[in-house]
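*Asks:* Before I ask anything, here is the structure I am working with.
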Amino acid sequence: MTPTGMRMVMLIDDEPAQQRLVSALAARAGWRTVFAGDSETAIATLGTRDGMMLDAVLLDHSMHSEEAVALIREIKARRQALPILMLTAVSDVGMAVEAMRAGATDFLVKPIAPDRLLAALDAAVDDQLASGELRPLTEKISAPLGFDEIVGSAPDFRAALAIAAKAARARLPILIEGETGVGKEVVAEAIHTASPRAKRAMVTVNCGTMPANLIDSHLFGHEKGAFPGAFARHVGKFMDADGGTLFLDEVSEMPMDVQVKLLAYLQSGEVHPVGARAASEVDVRIVAAANTRLAEAVEAGTFREDLYYRLNVVQLTIPPLRERLGDIPALSRHLLARIAKQPGLRDMGITDAAMDLLVSYDWPGNVRQLQNVLFRAAVLCEGDALTVADFPQIASHSLPRNLPDAANANQEAGVTLYMADGHMRPLDDIEADIIRLAIGHYRGRMTEVARRLGIGRSTLYRKLAELGISEVA
């Protein structure tokens with residue numbers, strides 16, 4: 001950190017345009033940037049006055065992979081505690097594994113959103129924020145899952161999936177609400193996969209990362225010469241998604257003028273590119289997602305009420321991971337199995353003590369954070385099983401849970417036994433939750449569900465009817 005209190009980052013990149021871009025972005029958050037065009041200059045800079053005040057290093061992966069890894073090792077040998085973040089234009093899991101094992105802190109894929117870059121820099125130097133982000137990379141790991149592949153037995157979670165599964169085959173708009181990282185896009189992909197539109201594309205647009213002045217043409221397209229800088233015709237995401245699904249993430253961040261055009265599409269089935277003389281008809285199914293309750297944005301006047309009701313034809317809420325801690329063991333093993341399929345990685349177990357640690361953490365970043373943490377641990381682990389030592393940041397922020405035995409049983413089983421007033425829930429309600437949990441755990445294989453519950457299939461189906469439970473619960 002400089003004497004003036006500004007944090008300092010060294011960008012290792014020989015492209016002047018990239019240097020100007022990163023410097024401008026970093027300056028917004030109080031970072032001063034120094035530059036090094038090659039490995040030799042970067043190492044020499046470490047010994048200068050500026051180099052001694054560095055808080056982080058940004059390494060652009062335009063050099064050869066072996067050279068980049070060697071440079072990371074050299075920097076870490078000289079400055080062990082200095083965070084190193086890699087920038088790359090290619091989402092290469094194998095390269096990420098090599099870079100992290102050499103000592104890289106994070107791995108960012110270009111083009112990178114300004115808020116993501118600043119968040120990564122802040123996380124690199126702040127122990128309270130550092131949790132193994134790797135977000136753009138780990139999001140590339142997971143192939144879309146069907147409903148039968150999504151892990152989770154908590155009643156509220158299974159109820160949300162049941163709503164999604166029933167609505168998947170219709171063309172109705174769906175609104176998915178839930179905190180950042182709970183898996184809204186995973187559910188949206190499952191909806192698309194289970195729909196008649198599965199053979200066409202699901203196109204994703206994050207309304208929160210798009211500049212307000214560009215989102216209109218990004219979604220609806222524009223004609224050549226429609227505005228300064230429109231040197232060619234651009235086909236918007238609605239056209240790209242024709243016949244498929246358009247997933248609008250962070251829809252609450254959509255500017256008001258674009259909300260008007262989205263409402264017009266939902267009413268007419270037509271889109272009007274910027275500068276076009278006529279509208280075009282497209283067939284797109286809208287799935288929207290919000291990190292907060294969209295009704296609150298309506299009340300605050302930042303989201304149109306008529307658009308809210310158009311999007312909210314089918315509504316489901318994904319609970320945060322801290323409300324379904326009983327799912328963490330199965331979810332962690334599922335994620336580790338998927339991580340093991342990536343280049344340079346292998347099958348990895350996890351000890352009971354490490355699993356207890358994961359269950360004791362509150363997971364503010366939800367399932368996304370859990371996947372990132374497991375990925376980082378799997379990359380750096382030299383043994384055959386992850387231990388508590390492989391999760392130092394989680395261990396430093398986890399608090400022991402002094403829950404009553406009944407509360408512990410609730411978390412482990414994924415079934416709530418007590419009401420808020422401390423009295424037991426009705427037996428029928430508990431039984432219904434247990435049956436839902438079993439259906440989810442055994443992926444809807446009803447013969448197996450009946451066998452594990454110790455009842456006959458006819459008895460199971462009778463209970464489903466009596467308790468009003470769907471087989472997709």
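The values are calculated or read from the model by the stated rules, or taken from the named source; none is laboratory data. Predicted model, so just to flag it, every value in this text is computed and none were measured. For neighbour counting, all protein chains shown are included, and Cβ atoms are generated from backbone atoms with ideal geometry for every residue, glycine included.
*Asks:* Of all residues in the stretch 3-34, how many are β-branched (Val, Ile, Thr) and either loosely packed, with under 12 Cβ neighbours inside 10 Å or farther than 23 Å from Glu74 by Cβ (or both)? Spell out how you get there, then give the answer.
*Replies:* Here is the first cut: in the stretch 3-34, the ones β-branched (Val, Ile, Thr) are 4, 9, 12, 22, 33-34.
The next check asks that each one be either loosely packed, with under 12 Cβ neighbours inside 10 Å or farther than 23 Å from Glu74 by Cβ (or both); those that pass are 4.
The qualifying residues number 1.
*Asks:* Look at Asp306 and say whether it is crowded, with 19+ Cβ neighbours inside 10 Å, within 23 Å of Ala167 (Cβ to Cβ) and not aliphatic (A, V, I, L, M).
*Replies:* Details: crowded, with 19+ Cβ neighbours inside 10 Å: no; within 23 Å of Ala167 (Cβ to Cβ): yes; not aliphatic (A, V, I, L, M): yes.
So Asp306 does not fit the description; no.
*Asks:* If you go through the stretch 210-224 one residue at a time, do you hit one that is acidic (Asp, Glu) and either closer than 29 Å to Gly301 by Cβ or under 31 Å from the mean Cα position of the chain (by Cα) (or both)? First the steps, then the outcome.
*Replies:* Filtering the stretch 210-224 for residues acidic (Asp, Glu) gives 216, 223.
When the remaining residues are screened for being either closer than 29 Å to Gly301 by Cβ or under 31 Å from the mean Cα position of the chain (by Cα) (or both), the result is 216.
Yes, the stretch 210-224 has at least one match.
*Asks:* If you don't mind, another one. Quick check: anything in the stretch 38-51 under 21 Å from Pro343 (Cβ atoms), of a type outside the set (Lys, Arg) and modelled with pLDDT of 85 or more?
*Replies:* Checked the stretch 38-51: no residue is under 21 Å from Pro343 (Cβ atoms), of a type outside the set (Lys, Arg) and modelled with pLDDT of 85 or more.
*Asks:* Further question: Filter the stretch 273-304 for residues that are touching a residue at least 60 places away in the same chain (Cβ under 8 Å) and basic (Lys, Arg); which is farthest from Arg200 (Cα to Cα)? Before you say what the answer is, go through the steps one by one.
*Replies:* Pass one, the stretch 273-304, residues touching a residue at least 60 places away in the same chain (Cβ under 8 Å): 285-294.
Adding the requirement that they be basic (Lys, Arg) leaves 285, 293.
Working: Arg285: 11, Arg293: 30 Å.
The residue in question is Arg293.
*Asks:* Do we have Val274 as farther than 30 Å from Ala154 by Cα, among the hydrophobic types (A, V, I, L, M, F, W, C) and surrounded by 15 or more Cβ atoms within 10 Å (Cβ to Cβ) here?
*Replies:* Considered against the rule, which asks whether it is farther than 30 Å from Ala154 by Cα, among the hydrophobic types (A, V, I, L, M, F, W, C) and surrounded by 15 or more Cβ atoms within 10 Å (Cβ to Cβ), Val274 comes out as yes.
*Asks:* Here is a follow-up. State whether the residues of the stretch 259-280 include one that is modelled with pLDDT under 95, farther than 18 Å from Val313 by Cα, part of a helix (DSSP H, G or I) and among the hydroxyl-bearing types (Ser, Thr, Tyr).
*Replies:* Scanning the stretch 259-280, I find no residue that is modelled with pLDDT under 95, farther than 18 Å from Val313 by Cα, part of a helix (DSSP H, G or I) and among the hydroxyl-bearing types (Ser, Thr, Tyr), so the answer is no.
*Asks:* Against the definition (of a type outside the set (Asp, Glu), farther than 27 Å from Ala300 by Cα, in contact with a His (Cβ under 9 Å, 6 or more places away or on another chain) and surrounded by fewer than 17 Cβ atoms within 10 Å (Cβ to Cβ)), how does Arg233 come out, yes or no? Before you say what the answer is, go through the steps one by one.
*Replies:* Details: of a type outside the set (Asp, Glu): yes; farther than 27 Å from Ala300 by Cα: yes; in contact with a His (Cβ under 9 Å, 6 or more places away or on another chain): yes; surrounded by fewer than 17 Cβ atoms within 10 Å (Cβ to Cβ): yes.
The answer is yes for Arg233.
*Asks:* Another question, if that's okay. Is it true that some residue in the stretch 236-256 is touching a Gly at 6+ places or on another chain (Cβ under 9 Å), of a type in the set (A, V, I, L, M), surrounded by fewer than 22 Cβ atoms within 10 Å (Cβ to Cβ) and in a loop (DSSP other than H, G, I, E, B)?
*Replies:* Checked against the condition, which is being touching a Gly at 6+ places or on another chain (Cβ under 9 Å), of a type in the set (A, V, I, L, M), surrounded by fewer than 22 Cβ atoms within 10 Å (Cβ to Cβ) and in a loop (DSSP other than H, G, I, E, B), the stretch 236-256 yields no hits at all.
*Asks:* Sticking with this structure for a sec: Pairs under 9 Å by beta carbon, first residue without any contact (Cβ under 8 Å) to a residue 60 or more places away in the chain and on the phi > 0 side of the Ramachandran plot in the stretch 234-256, partner of a type in the set (Asp, Glu) and assigned to a loop (DSSP other than H, G, I, E, B), six or more apart or different chains?
*Replies:* Matching pairs, first to second residue: Gly243/Asp283.
*Asks:* Looking at (1) basic (Lys, Arg); (2) buried (at least 18 other Cβ atoms within 10 Å of the Cβ); (3) modelled with pLDDT under 95, can you tell me which one Arg322 breaks?
*Replies:* For Arg322, the exception is condition (2).
*Asks:* Hey, another quick one. Applying the selection to the stretch 433-447, what residues are buried (at least 21 other Cβ atoms within 10 Å of the Cβ) and among the small types (Gly, Ala, Ser)?
*Replies:* Gly440
*Asks:* Pull up the stretch 70-84, narrow it to residues that are assigned to a loop (DSSP other than H, G, I, E, B) and not aliphatic (A, V, I, L, M), then point me to the one that is nearest to Ala123 (Cα to Cα).
*Replies:* Here the answer is Pro83.
*Asks:* For a quick check of your reading: which helices (runs of 4 or more DSSP H) sit entirely within the stretch 370-463 and have at least 3 residues that are modelled with pLDDT under 70 and out of contact with any Ser or Thr (no Cβ under 9 Å at 6 or more places or on another chain)? Can you show your working first?
*Replies:* Values: elements: 392-397, 405-413, 427-441, 446-453.
Of the helices (runs of 4 or more DSSP H) lying wholly inside the stretch 370-463, those with at least 3 residues that are modelled with pLDDT under 70 and out of contact with any Ser or Thr (no Cβ under 9 Å at 6 or more places or on another chain) span 405-413.
*Asks:* Does the stretch 272-279 contain any residue that is among the basic types (Lys, Arg) and more than 25 Å from Arg171 (Cβ to Cβ)?
*Replies:* Within the stretch 272-279, the first condition is being among the basic types (Lys, Arg), and the residues that meet it are 277.
Cutting the leftovers down to more than 25 Å from Arg171 (Cβ to Cβ) gives us 277.
Looking through the stretch 272-279, at least one residue is among the basic types (Lys, Arg) and more than 25 Å from Arg171 (Cβ to Cβ).
*Asks:* Then there's this: Output the residue which, of all residues in the stretch 464-473 that are hydrophobic (A, V, I, L, M, F, W, C) and part of a helix (DSSP H, G or I), is modelled with the highest pLDDT.
*Replies:* Narrowing the stretch 464-473 to residues hydrophobic (A, V, I, L, M, F, W, C): 464-465, 467, 469, 472-473.
Checking which are part of a helix (DSSP H, G or I) leaves us with 464-465, 467.
Details: Leu464: 83, Ala465: 79, Leu467: 78.
Here the residue is Leu464.
*Asks:* Another one. Among the residues of the stretch 101-116, is there at least one that is modelled with pLDDT of 80 or more, closer than 30 Å to Gly51 by Cα, buried (at least 17 other Cβ atoms within 10 Å of the Cβ) and out of contact with any strand residue (DSSP E or B) (no Cβ under 6 Å at 6 or more places or on another chain)? Explain how you work it out, then say what you get.
*Replies:* Going through the stretch 101-116, the residues modelled with pLDDT of 80 or more turn out to be 101-105.
Checking the rest, the ones that are also closer than 30 Å to Gly51 by Cα come to 101-105.
Adding the requirement that they be buried (at least 17 other Cβ atoms within 10 Å of the Cβ) leaves 102-105.
Then keep just the ones that are out of contact with any strand residue (DSSP E or B) (no Cβ under 6 Å at 6 or more places or on another chain); that gives 102-103.
There is at least one residue in the stretch 101-116 that is modelled with pLDDT of 80 or more, closer than 30 Å to Gly51 by Cα, buried (at least 17 other Cβ atoms within 10 Å of the Cβ) and out of contact with any strand residue (DSSP E or B) (no Cβ under 6 Å at 6 or more places or on another chain).
*Asks:* Kindly indicate the residue of the stretch 448-460 that is surrounded by 14 or more Cβ atoms within 10 Å (Cβ to Cβ) and not acidic (Asp, Glu) and also nearest to Asp148 (Cα to Cα) among those meeting that condition. Before the answer, list the steps.
*Replies:* First, the residues of the stretch 448-460 that are surrounded by 14 or more Cβ atoms within 10 Å (Cβ to Cβ): 448-451, 453, 455, 460.
Subsequent filtering for residues that are not acidic (Asp, Glu) retains 449-451, 453, 455, 460.
Values: Val449: 14, Ala450: 18, Arg451: 19, Leu453: 20, Ile455: 23, Leu460: 20 Å.
So, considering only residues that are surrounded by 14 or more Cβ atoms within 10 Å (Cβ to Cβ) and not acidic (Asp, Glu), the one nearest to Asp148 (Cα to Cα) is Val449.
*Asks:* Please enumerate the residues belonging to the stretch 35-66 that are surrounded by 13 or more Cβ atoms within 10 Å (Cβ to Cβ) and assigned to a helix (DSSP H, G or I).
*Replies:* Just the residues of the stretch 35-66 that are surrounded by 13 or more Cβ atoms within 10 Å (Cβ to Cβ), to begin with: 35-39, 41-43, 45-46, 50-51, 53-63, 65.
The answer is Ser39, Thr41, Ala42, Ile43, Thr45, Leu46, Asp50, Gly51, Ser65.
*Asks:* Here's a follow-up. Quick check on Leu345: is it closer than 21 Å to Thr387 by Cα, hydrophobic (A, V, I, L, M, F, W, C) and either crowded, with 19+ Cβ neighbours inside 10 Å or in contact (Cβ under 8 Å) with a residue 24 or more places away in the chain (or both)?
*Replies:* Answer is yes for this residue.
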